[in-house]
1. Can you tell me which residues in segment 654-682 are more than 19 Å from residue 635 (Cα to Cα) and touching a residue at least 12 places away in the same chain (Cβ under 8 Å)?
2. Take segment 34-68 and flag every residue that is at pLDDT below 90 and over 18 Å from residue 94 (Cβ atoms).
3. For residue 571, work out the one condition from (1) more than 28 Å from residue 683 (Cα to Cα); (2) in a helix (DSSP H, G or I) it doesn't fulfil.
4. Would you point out the residue of segment 602-622, among those that are in contact with a strand residue (DSSP E or B) (Cβ under 7 Å, 6 or more places away or on another chain) and under 24 Å from residue 511 (Cβ atoms), that is surrounded by the fewest Cβ atoms within 10 Å (Cβ to Cβ)?
5. So which of 378, 397 ends up being more than 33 Å from the chain's Cα centre (by Cα) and either modelled with pLDDT under 70 or surrounded by 15 or more Cβ atoms within 10 Å (Cβ to Cβ) (or both)?
6. Any residue at all in segment 409-429 that is in contact with a strand residue (DSSP E or B) (Cβ under 8 Å, 6 or more places away or on another chain), modelled with pLDDT under 80 and not in a helix (DSSP H, G or I)?
7. Considering every residue within segment 642-653, establish whether at least one is without any contact (Cβ under 8 Å) to a residue 12 or more places away in the chain and surrounded by fewer than 16 Cβ atoms within 10 Å (Cβ to Cβ).
8. Residues being modelled with pLDDT of 75 or more and part of a helix (DSSP H, G or I): count how many of those fall in segment 118-141.
């Protein structure tokens, strides 16, 4: 209900949580019934279709649309400048409000005229109490206990638990130093007096800063548990996110820099940096183990199998000793591991087919064949062939066994083990009736390897999808951001709506090797590239990849770049460096087109041709740095809107050696696509050879 004089102004900052936002708005409408109010939604450049959805489904909401993510505080301030209510409610979009929440808080404010702000009890989705809903104003010492983790280890301690006031009874009403920005109700008059959110804080600590200023103004802040809300996402979903750790600690440092500027700030800076490093390393190791658990376990099993085979074989023969093992055969395990990893990445076992029994058996067979071949050519590896034979049998059996156990106990489980290993968050790229049909077919498969999140539309608006209840995650021009936000591991394209050229260009532009790509085709056309075909009832589902994006090809290409360019750079240095020193005033930065179309600055000597040896020497330096490649896309001057080709610019390339044959933009596009699909070290060497002799 809206009037000319609202009692409450509700402000929600939204960023890619459309489904949560819809639920929040419905709960707000019920809780605000019979209370004059206005609701603002400030959208920070969401890509999930939030803006058209809110505009269509909630026309009464005052929508503020931003073209980029402005951060939490600045976005709230946009609405605060327009808010007319006696009270302002700052609330997150991933919350559900109890029906009596605003009635209870309005009554509390009326009975406590000293209250400048208040919050209610906040619950996690599992019903547990969210300790983050009220906390203290952090001093350097309070922050130190939090950074090193003592606040979590000793929550009941009045010394260590002061950050979140975890020693206080969550069922009692009392004044607190600060409350969470996920839900805070503030008198507008108090806000007008102390000012709005400080926009130097992009995210986190802006609520603490605001509460600190409210306290300084003499108003009180209360925790009122007589009513409650549910906060769905919150701290639990961010605690293992490295970006969160860095952003939060940076905001904490900015807070101290603002309010405690002095001698202690230097020590605090290093304490916060230490906290970021320690927590960052722990989170990185945890995520590394999660993502590469099959790789690490397989490598461990391979080495254990070889070691045990050695022990058994030589114990039976003449007695096993660790000295003899490391002295004579210490390198065998290392060589076996290198071969195993190289074969595994070449066959795409890691990361795409890490749970495939067929792929791991094939990897073991090739590994042990190559390992056995060393016994014929190198004396150092002329160890017992019985060791190789036994390991070749036992190693794949162990690797098959752990996969079978995991499938038996964790398949379908939504925990880290089950979901991360067996379920692939998947999106469908398409439009219209075809997208609706494909979405329903995949959902009806009941295949736990597909966790279908929704559809990315080919065009900006596709009302047919929403009409049929299909989740729209965004449009194709924001596909990379959608993948990053939703942690997508599999993308399915519809070939009826997109050309293969556009699909492959999109794959190259995304440039995420861990992704799997599949194409749904309704005809018998062949997709160039690797194809393993599944079926969605009558639809063939073909796996497709572009060679440039394969981890194995990336590694070998980088090794080739370093192996050829670094020696050449060292050989040319005695001749080129004196000349560069002489012409140093003429060396300037030249802006060229990068891999994704972004500007890339390289050094060149002004007035000389790009083909001059001194300029090529400078290009070789950029290749050693990894910014360019020996073989790649043409090096072109940067211009606004220049297209990226999906692979690094290079000294030479397939397009460069075929300039005379290319007569149209369409042919040029075909050469780029050919290289994207077929890149390999052998192709690069062939291009280099033709460049030199041609």
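1. Listed by number, the residues that qualify are 677, 678, 680, 681.
2. 34, 52, 55, 56, 67, 68
3. Among (1) more than 28 Å from residue 683 (Cα to Cα); (2) in a helix (DSSP H, G or I), residue 571 violates only (1).
4. Of everything passing the filter in segment 602-622, 602 is surrounded by the fewest Cβ atoms within 10 Å (Cβ to Cβ).
5. On the way: 397 fails: either modelled with pLDDT under 70 or surrounded by 15 or more Cβ atoms within 10 Å (Cβ to Cβ) (or both).
Step by step, each of 378, 397 is checked, and only 378 is more than 33 Å from the chain's Cα centre (by Cα) and either modelled with pLDDT under 70 or surrounded by 15 or more Cβ atoms within 10 Å (Cβ to Cβ) (or both).
6. Within segment 409-429, the first condition is being in contact with a strand residue (DSSP E or B) (Cβ under 8 Å, 6 or more places away or on another chain), and the residues that meet it are 419, 423-429.
Adding the requirement that they be modelled with pLDDT under 80 leaves 419, 423-424.
Next cut, not in a helix (DSSP H, G or I) only: 423-424.
There is at least one residue in segment 409-429 that is in contact with a strand residue (DSSP E or B) (Cβ under 8 Å, 6 or more places away or on another chain), modelled with pLDDT under 80 and not in a helix (DSSP H, G or I).
7. Let us first name the residues in segment 642-653 that are without any contact (Cβ under 8 Å) to a residue 12 or more places away in the chain, namely none.
Within segment 642-653, not a single residue is without any contact (Cβ under 8 Å) to a residue 12 or more places away in the chain and surrounded by fewer than 16 Cβ atoms within 10 Å (Cβ to Cβ).
8. So the answer is 3.
The values are calculated or read from the model by the stated rules, or taken from the named source; none is laboratory data. In this text, all values refer to a predicted model and were calculated from it rather than measured experimentally. No Cβ is skipped: glycine too gets one built from the backbone with ideal geometry, and neighbour counts run over all protein chains shown.
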